[in-house]
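The values are calculated or read from the model by the stated rules, or taken from the named source; none is laboratory data. All values reported here derive from a predicted model rather than from experimental measurement. Here Cβ is always computed from backbone atoms with ideal geometry, including for glycine, and neighbour counts include all displayed protein chains.
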Amino acid sequence: MDTDRDRQPGTLAAHGITRGHVVVAVKVLRDRLTEPWTLDALAAEVHLSRSQLVRAFDAATGMSPMAYLRKMRAERMARLLASTDLSVAEAARSVGWKNQFHASQCFHAHHGISPTEYRRRQSAPPVDSLTLRVR
């Protein structure tokens, strides 16, 4: 049934695109994070045009498919930096970034700190435990 909400700009129904395409695209990106994705390749994978995919992602997530991919990579890289002793370059490669400097820029844009600083903060003891040791 067509409602006023369905015809409003910014809703998935207004674009004639189902949320399912975005769900599939996110699953594909998550499962194959390390692939060198392009917008064209992802659109072909989920059987949408580039513009349809961008509109669907924006409506469902508030960001573009490539921004969503950068976010996923930055979050997985953060987990690797916190839980392994991979170097920053190795962690970057393991999430699909070939260039460590580009990875560091994307990581910083997402987390607000460099990968090295992120790791340092993850491994630092909590302030309360430092206080307890001093007393």
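Counting the residues of region 11-42 that are part of a helix (DSSP H, G or I), modelled with pLDDT of 95 or more and surrounded by fewer than 15 Cβ atoms within 10 Å (Cβ to Cβ) gives 5. Here Leu80 meets each of (1) without any contact (Cβ under 8 Å) to a residue 24 or more places away in the chain; (2) surrounded by fewer than 17 Cβ atoms within 10 Å (Cβ to Cβ) with one exception, condition (2). Scan region 43-61 residue by residue and report those that are loosely packed, with under 15 Cβ neighbours inside 10 Å and either more than 22 Å from Gly96 (Cβ to Cβ) or aliphatic (A, V, I, L, M) (or both). Passing the criteria: Ala44, His47, Ser49, Ser51. At least 2 residues being charged (D, E, K, R) and farther than 30 Å from Arg19 by Cβ is the threshold, and among the helices (runs of 4 or more DSSP H) wholly inside region 59-124 those reaching it are 88-94, 115-123.
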